[in-house]
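In what follows, a structure is listed as structure tokens, so that the remarks can point back to it.
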Amino acid sequence: MKNIMKKTVIDVRNLTKTYQMGKMLVHALRGVTLKIYEGEMIAIMGPSGSGKSTLMNSLGCLDQPTSGEYYIDGTEVSTLDEWGLTLIRRHKIGFVFQSFNLLPRTSAQANVELPLIYAGMPRKKRIEQARKALEIVDLGDRIHHHPNELSGGQQQRVAIARALASNPAIILADEPTGNLDSKSGAEIMSVFRTLNDEQGITIILVTHENDIARHAQRIIYMLDGVVARDENVTNRTR
């Protein structure tokens, strides 16, 4: 009942993805149907080979499905060409990866500015947006630091700021705490919770850690390329 009045931001209908590996066909997704609502925080879990990473790549428009329909904000993206997918990624989605993917010889601010440069944003505006994003993740005093001058948790916060810089409606995070110790991981999840609770950003994260998944409102369990369970989290981590 609680989602009746909420806007559907992601609508996946019978999504399939088949890969050719040598002479074998790998059915990574076998008909996934799923709705995600505005302002939700979702965790996707499942064993290796369950399809969770393929689903994440499809949701992020990094990979196109073999069949099925996929809508973001009512736009059917499963039929878009590469330029159309690029525009969706640029304006709708922010990405956070396990390995941070920061340029090592570049300051935190310059790393955050990078997607804004690709988007053609004027220099003055992108500097302003990059600094604002770094302040949101509590790194306003580290804007000139390079990655090797930052802890792992701080580097991941730079990566989150980079995802935030273009004001996305959705953030996709693939094992965002996988390279962090438990304390830094908890701090990163606190950042995500703040973005979700205070800014209403829809957050979808892939994780294999139960304690990380408990921060979400829903946990989607993948198995053999399908959604095995879709559960509301009753005792959400505070």
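The values are calculated or read from the model by the stated rules, or taken from the named source; none is laboratory data. Just so you know, these numbers come straight off a predicted model, no measurement behind them. Cβ placement follows ideal geometry from the backbone for every residue including glycine, while neighbour counts extend to all protein chains displayed.
Table: residues versus (1) aliphatic (A, V, I, L, M); (2) free of Cβ contacts under 8 Å to residues at least 24 places away in the same chain.
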site	(1), (2)
S67	no, no
I72	yes, no
V77	yes, yes
D81	no, yes
R89	no, no
G94	no, no
P104	no, no
L116	yes, no
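Would you pick out the residues in region 7-53 that are of a type in the set (F, W, Y) and either surrounded by fewer than 16 Cβ atoms within 10 Å (Cβ to Cβ) or not in a strand (DSSP E or B) (or both)?
Listed by number, the list holds a single entry, Y19.
Of the residues that sit in region 174-201 and are in a helix (DSSP H, G or I) and aliphatic (A, V, I, L, M), which one is surrounded by the fewest Cβ atoms within 10 Å (Cβ to Cβ)? Spell out the reasoning first.
So in region 174-201, the residues in a helix (DSSP H, G or I) come out as 182-199.
This time we only want the ones that are aliphatic (A, V, I, L, M), so: 186, 188-189, 191, 195.
Values: A186: 16, I188: 23, M189: 25, V191: 20, L195: 21.
The residue in question is A186.
Which of the residues that make up region 67-95 are in a loop (DSSP other than H, G, I, E, B), surrounded by fewer than 15 Cβ atoms within 10 Å (Cβ to Cβ) and on the phi < 0 side of the Ramachandran plot?
Here is the first cut: in region 67-95, the residues in a loop (DSSP other than H, G, I, E, B) are 73-74, 77-81.
When the remaining residues are screened for being surrounded by fewer than 15 Cβ atoms within 10 Å (Cβ to Cβ), the result is 74, 79, 81.
Within region 67-95, T79, D81 qualify.
Residue-by-condition table, conditions (1) among the β-branched types (V, I, T); (2) within 30 Å of S48 (Cα to Cα):
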| site | (1), (2) |
| --- | --- |
| H145 | no, no |
| I171 | yes, yes |
| L180 | no, yes |
| K183 | no, yes |
| D197 | no, no |
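If I go through region 134-152 residue by residue, how many of them are touching a residue at least 12 places away in the same chain (Cβ under 8 Å) and under 19 Å from N196 (Cα atoms)? Working first, answer last.
Narrowing region 134-152 to residues touching a residue at least 12 places away in the same chain (Cβ under 8 Å): 134, 136-139, 142-148, 150-152.
Going one step further and asking which of them are under 19 Å from N196 (Cα atoms), we end up with 134, 136-139.
Total meeting the criteria: 5.
It is to be established whether one or more residues within region 168-189 are over 14 Å from the mean Cα position of the chain (by Cα), in contact (Cβ under 8 Å) with a residue 12 or more places away in the chain and on the phi > 0 side of the Ramachandran plot.
No.
May I ask you to say which residue of E128, E113, E149, E135 is crowded, with 20+ Cβ neighbours inside 10 Å and at negative phi? First the steps, then the outcome.
On the way: E128 fails: crowded, with 20+ Cβ neighbours inside 10 Å; E149 fails: crowded, with 20+ Cβ neighbours inside 10 Å; E135 fails: crowded, with 20+ Cβ neighbours inside 10 Å.
Matching residue, one of E128, E113, E149, E135: E113.
Of everything in region 10-43, what is touching a residue at least 12 places away in the same chain (Cβ under 8 Å) and of a type in the set (V, I, T)? Give them in sequence order.
Start the filter on region 10-43 by keeping residues that are touching a residue at least 12 places away in the same chain (Cβ under 8 Å), which leaves 10-18, 27-43.
Matches in region 10-43: I10, V12, T16, T18, V32, T33, I36, I42.
Take the residues in region 157-173 that are more than 21 Å from R236 (Cβ to Cβ) and hydrophobic (A, V, I, L, M, F, W, C), then tell me which one is surrounded by the most Cβ atoms within 10 Å (Cβ to Cβ). Even if it seems obvious, please write down each step before you answer.
At the first step, the residues of region 157-173 found to be more than 21 Å from R236 (Cβ to Cβ) are 157-159, 161-169.
Those left that are additionally hydrophobic (A, V, I, L, M, F, W, C): 158-159, 161, 163-165, 169.
Values: V158: 25, A159: 27, A161: 29, A163: 25, L164: 24, A165: 25, A169: 18.
Ranking the candidates gives A161 first.
Inspect region 222-236 for any residue being outside any helix (DSSP H, G or I), modelled with pLDDT under 95 and under 23 Å from L164 (Cβ atoms) and give the result as yes or no.
Among the residues of region 222-236, at least one is outside any helix (DSSP H, G or I), modelled with pLDDT under 95 and under 23 Å from L164 (Cβ atoms), which makes the answer yes.
With the requirement that a residue be free of Cβ contacts under 8 Å to residues at least 60 places away in the same chain and of a type outside the set (D, E), what does region 215-231 give you?
Across region 215-231, the qualifying residue is only R229.
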